[in-house]
1. Is it the case that some residue within segment 32-43 is farther than 19 Å from E150 by Cα, assigned to a helix (DSSP H, G or I), open to solvent by less than 50 Å² (accessible area, probe 1.4 Å) and at pLDDT 95 or above?
2. Any residue in segment 77-102 that's at pLDDT 95 or above: show its pairings with residues that are of a type outside the set (D, E, K, R) and surrounded by fewer than 10 Cβ atoms within 10 Å (Cβ to Cβ) at Cβ separation under 8 Å, as long as the two are six or more apart or on different chains.
3. Of everything in segment 51-73, what is part of a loop (DSSP other than H, G, I, E, B) and within 13 Å of A93 (Cβ to Cβ)? Give them in sequence order.
4. Regarding segment 1-10, can at least one residue be identified that is modelled with pLDDT of 95 or more and open to solvent by 80 Å² or more (accessible area, probe 1.4 Å)?
5. Condition first: within 18 Å of R60 (Cα to Cα) and under 10 Å from the mean Cα position of the chain (by Cα). Now tell me which residues in segment 107-149 satisfy that.
6. Which residues, taken from segment 100-135, are open to solvent by 40 Å² or more (accessible area, probe 1.4 Å) and in a loop (DSSP other than H, G, I, E, B)?
7. For segment 54-78, which residues satisfy the criterion of being under 16 Å from L118 (Cα atoms) and either touching a Cys at 6+ places or on another chain (Cβ under 9 Å) or of a type in the set (D, E) (or both)?
8. Hey, among G105, G146, G141, which residue is without any contact (Cβ under 8 Å) to a residue 12 or more places away in the chain and within 22 Å of P30 (Cα to Cα)?
Amino acid sequence: MKKILLITTLMMVFFASCGNGSYNERTILPNAEWAQENRVTFDVAVSDSTCGYVFGLDVRHLENYRYSNLFVFLHTTFPNGNITHDTIECTLAMPDGRWIGKSSGSMRDLHIPLNESLSFPLCGNYHFEIEQAMREPVLKGITDIGIFIEQQ
């Protein structure tokens, strides 16, 4: 009986620590223009490396944005100083040209999960930098970009 009580208590502590933790921040791009050299940065403190997380991007764009997608470079600096670099394609429209995401006037808002079972290997501060990776030096029509991290 004591063994069952101990296991139950440990499970409750474990599952209680894996909920309600989230991060959601955006940066507004002035004049809805995103220059390639303009890196958007986010600093996130991770205090629990035992839980799974959903990680993704929030993209808001105008309906006069001329592409159906958005390529970004994501640079992640870990608490131990290691850095990773990823290229990500965000699909903004269906093949027939219909925009994806919630509409508000002439603006579209997308919540794009990139990894639904992310594990942070270390507790500590993570630094994320996002830069647009399209062929145009200044990308017109992207109004803001952000990241979200939701503890499962």
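1. The first filter runs over segment 32-43 and keeps only residues farther than 19 Å from E150 by Cα, leaving 32-40.
Subsequent filtering for residues that are assigned to a helix (DSSP H, G or I) retains 32.
Imposing the further condition that a residue be open to solvent by less than 50 Å² (accessible area, probe 1.4 Å) reduces the set to 32.
Checking the rest, the ones that are also at pLDDT 95 or above come to 32.
Within segment 32-43 (the criterion being farther than 19 Å from E150 by Cα, assigned to a helix (DSSP H, G or I), open to solvent by less than 50 Å² (accessible area, probe 1.4 Å) and at pLDDT 95 or above), the answer is yes, since at least one residue qualifies.
2. Cβ pairs passing all conditions: F78/T84.
3. Kept after step one, since they are part of a loop (DSSP other than H, G, I, E, B), are these residues of segment 51-73: 51-52, 63-68.
Across segment 51-73, the qualifying residues are E63, N64, Y65, R66, Y67, S68.
4. Among the residues of segment 1-10, not one is modelled with pLDDT of 95 or more and open to solvent by 80 Å² or more (accessible area, probe 1.4 Å), which makes the answer no.
5. Matches in segment 107-149: H111, I112, P113, L114, I130, I145, G146, I147, F148, I149.
6. Scanning segment 100-135 gives I100, G105, S106, S119, P121, L122, C123, R135.
7. L57
8. Numbers: G146 fails: without any contact (Cβ under 8 Å) to a residue 12 or more places away in the chain; G141 fails: without any contact (Cβ under 8 Å) to a residue 12 or more places away in the chain.
Going through G105, G146, G141 in turn, just one is without any contact (Cβ under 8 Å) to a residue 12 or more places away in the chain and within 22 Å of P30 (Cα to Cα): G105.
The values are calculated or read from the model by the stated rules, or taken from the named source; none is laboratory data. Just so you know, these numbers come straight off a predicted model, no measurement behind them. Ideal geometry is used to build each Cβ from the backbone, glycine not excepted, and the neighbour counts take in all protein chains shown. Quick note on the areas: whole protein, heavy atoms, side chains included, nothing else; ligands and nucleic acids left out. Shrake-Rupley method; radii C 1.70, N 1.55, O 1.52, S 1.80 Å.
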